[in-house]
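> My questions will all concern the structure given below.
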Amino acid sequence: MAASDPAIEVRDLGVRFRRNRRGRRSIKDLFADSSRRSRPDEFWALRDVGFAVARGESIGVVGRNGQGKSTLLKLVAGVLIPDEGTVSVQGGVAPLIEITGGFVGDLTVRENVRLTSGLHGMPKAEVARRFDGIIAFAELADFVDTPYKHLSNGMKVRLAFAVVSQLDEPILLVDEVLAVGDKAFREKCYARIDELLAEGRTLFFVSHNERDLRRFCTRGLYLDKGRLALDGPIDEVLDRYDSDYAVG
């Protein structure tokens with residue numbers, strides 16, 4: 001792979017949904033022109049979106065609720081498949097999205113750490129080596145044999161971040177995870193993300209918190225009505241966003 005190859009490349013991206021559920025396409029739809037596929041109850045969550053992210057770059061995704069930010073993150077993560085265009089990702093991703101998803105309620109904290117780490121490709125020996133550090137970061141030393149379903153929401157978030165942030169994947173996807181938890185834990189998350197960025201990881205970050213965006217990101221993508229309204233330096237993108245939605 002050439003050094004200039006992007007970590008993430010998105011071309012002519014489009015994804016549509018039905019108002020109450022994801023749209024299903026018939027065989028006829030698959031062979032129809034894209035302009036003829038939409039039905040009255042469908043809308044395009046994203047359309048004609050294109051950009052590239054260099055390895056080691058920190059990108060913040062900006063926009064109001066419902067403008068396609070989290071949908072874009074899920075497309076990059078491979079959770080969703082686009083209806084139009086392509087998403088190419090070079091290397092694996094560590095997904096801090098829907099952060100408590102994937103954990104099993106009836107399994108203990110110990111069992112969930114082993115299961116989740118293993119599902120993300122971490123070898124058993126590496127899970128064992130990192131286990132104590134994961135538990136210490138999550139502040140759950142007294143709960144390792146407690147069923148996951150009995151943890152508080154805050155404990156679940158701490159555990160999920162502790163596990164996923166230990167993955168060695170080159171791309172880190174973050175969706176509002178820093179908005180949860182208490183102040184002390186957020187500071188631990190900040191420090192851990194700083195460490196990952198210092199290692200050369202690529203960050204793709206969705207947040208409504210401008211302070212976090214300015215701290216971690218150098219470049220921004222501004223989504224408006226499902227389209228890419230601006231791609232530029234993070235300060236410029238945030239200033240444009242604030243100007244477009246200024247109150248008064």
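> Report the FRET efficiency, 1/(1 + (r/R0)^6), for Arg227 and Arg192, where r is their Cβ-Cβ distance and R0 is 25 Å, rounded to 0.05. Mind dumping the intermediate values first?
Details: r = 33 Å, r/R0 = 1.33.
The calculated FRET efficiency here is 0.15.
> Residue separation times 0.36 nm, minus the C-alpha to C-alpha distance between Val104 and Arg211: what's the value? Write down the numbers at each step before the final one.
Values: separation 107, 0.36 × 107 = 38.52 nm, distance 3.36 nm.
Here the segment from Val104 to Arg211 would lengthen by 35.2 nm.
> Going through the stretch 162-248, which trypsin sites (Lys or Arg not before Pro) have at most 14 other Cβ atoms within 10 Å and a DSSP loop state?
Counting only loop positions with at most 14 other Cβ atoms within 10 Å, the trypsin sites (Lys or Arg not before Pro) in the stretch 162-248 are Lys225.
> For the stretch 109-201, what is the relative contact order in percent, using Cα pairs closer than 8 Å and at least 6 residues apart in sequence?
Reported relative contact order: 28 percent.
> Between Asp182 and Glu139, with labels modelled 7 Å along Cα→Cβ, what's the label distance in nm to one decimal, could you check?
Going from the Asp182 label point to the Glu139 one covers 0.4 nm.
> Next question. Hey, rough spin-label estimate for Asp244 and Phe131, points 7 angstrom out along Cα→Cβ, what's it come to in nanometres?
With each label placed 7 Å out from Cα toward Cβ, I get 4.9 nm.
> Run down the lysines and flag those whose C-alpha is under 26 Å from the C-alpha of Lys74, throwing out any fewer than 8 positions away in its chain.
Of all the lysines, those that pass the test against Lys74 - Cα under 26 Å, at least 8 places apart if same chain - are Lys149, Lys156, Lys188, Lys225.
> With r defined as the distance between the Cβ atoms of Ala54 and Thr146 and R0 fixed at 51 Å, what FRET efficiency is calculated, to the nearest 0.05? If you can, show how the numbers build up before the last one.
On the way: r = 42 Å, r/R0 = 0.83.
The value I calculate is 0.75.
We did not get these values from a lab; they are worked out from the coordinates using the rules stated. Predicted model only: the values in this text are computed from it and were never measured. Counting neighbours? That spans all protein chains shown, and the Cβs are built from the backbone with ideal geometry, glycine included.
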